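Read the structure below first, then the notes.
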Amino acid sequence: MVCGGFSCSKNALASLNILYILVSFILIGVAAYAKAIAIVTEIKIIGGVIACGVFLLLIAIIGLVGAIKHHQVLLFFYMIVLFLLFLMQFAIACACLAVNDQQQKDIAKTGWRLAGDKAKIKVQDTFHCCGFEDVNVSNDTSTRHPPCTWSSKCNKGNTASCCTGNPVTGQEDTCPINTTCWVQLHDNISRGLKISGGIGLFFSFTEIFGVWLSICTRKRRFQDKHRH
């Protein structure tokens, strides 16, 4: 594989780092969207994608300055950190894609149990759902949910558990709402993980190219200095 002339490799490296700056905003934006749609679910590996995006932005700026000013120390630092970032981003992206349905459910269930009534009301209002896995309010305080007041079916005269927020006794009306929040959250969480993992994995391989290009730029600059 031929590195080409110094000017060619320098311009290519500068262009690649401009692309990295754009990619970093994509990574941060997509991962932030994935965290936002989960609402009650704290998925730490998605936070890792955001961290990778921030690091990529910083290292891309360093690489851009190093390429334009052909600064050997900056390029060496850039090369090492970019390779480490590749390893981290590759691992996190694979982890996002490897989370199965049961693991997603366990994460979401833990988030639901830890969430306060305000967060649960936000989920129910946003997704027009009621409860995590059961529309009725159970006696288990960890899985209870606030009344599903977003529905017009829960009028003042309806005594259903999901409308009043009281535990089921068997004497109340049948809940008029059929959709639980896990049904709604599952698709959003799954989509968020796949998008974050897929984009992170795809662009992680371009970072190897960046490492190779920085080696070529340093090598060509060194050769040109000794030639004159």
Packing-based order for 95-102, 12-19, using average beta carbon neighbours within 10 Å, highest first: 12-19, 95-102
Once fully extended, how much extra length lies between SER152 and ASP106, figured as 0.36 nm per residue of separation less the alpha-carbon to alpha-carbon distance? 13.5 nm
May I ask for the distance between the Cα centers of the range 138-203 and the range 42-89, given as a whole number of Å? 41
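What net charge do the residues around VAL211 carry, taking every other residue with its C-beta under 13 Å from that of VAL211, with Lys and Arg at +1 and Asp and Glu at -1? Walk me through the numbers on the way to the answer.
Details: positive: ARG218, LYS219; negative: GLU207.
Cβ neighbours under 13 Å give a net charge of +1.
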Geometric extent, Cα atoms of the range 47-180 - Rg, Dmax (angstrom): 24.4, 78
Want the number for ASP125 to GLN184: 0.36 nm per residue separation, take away the alpha-carbon distance, what's left? 20.1 nm
Could you tell me which chymotrypsin sites (Phe, Trp or Tyr not before Pro) in the range 69-168 are loop residues by DSSP with no more than 15 other beta carbons within 10 angstrom of their beta carbon? none
Here are some pairs, LYS10/LYS219; LYS120/LYS194; LYS35/LYS118; LYS35/LYS122; which of them have Cα atoms lying more than 21 Å apart in this structure? LYS120/LYS194
Extension gain PHE209-LYS118, at 0.36 nm per residue separation less the Cα-Cα distance, in nm? 28.1 nm
Using helices alone, what [θ] at 222 nm do you get for the chain, with -39,500 (n - 2.57) per DSSP H run of 4 or more residues, divided over all residues and rounded to the nearest 500? -25000 deg cm²/dmol
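Can you tell me, using C-alpha contacts under 8 Å and at least 6 residues apart, the relative contact order of the chain as a whole percent?
Details: 332 pairs, mean separation 66.8, N = 228.
Computed value for the chain: 29 percent relative contact order.
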Each label point is 7 Å from the Cα along the Cα-to-Cβ direction; what then is the distance between the points at MET88 and PHE202, in nm? 2.3
Enter the angle in degrees (range 0 to 90, nearest 10) between the Cα long axis of helix 72-98 and the first principal axis of the Cα atoms of the chain, meaning the one along which they spread out most. 30
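Give me the dipole magnitude in Debye, nearest 20, for the range 55-191 about the Cα centre, with unit charges on the beta carbon: positive for Lys and Arg, negative for Asp and Glu.
440
Since every read-out is calculated from the coordinates, none of them should be taken as a lab result. As the structure is a prediction and not an experimental result, all values here were calculated from the model. Cβ atoms come from the backbone with ideal geometry, glycine included; neighbour counts cover every protein chain shown.
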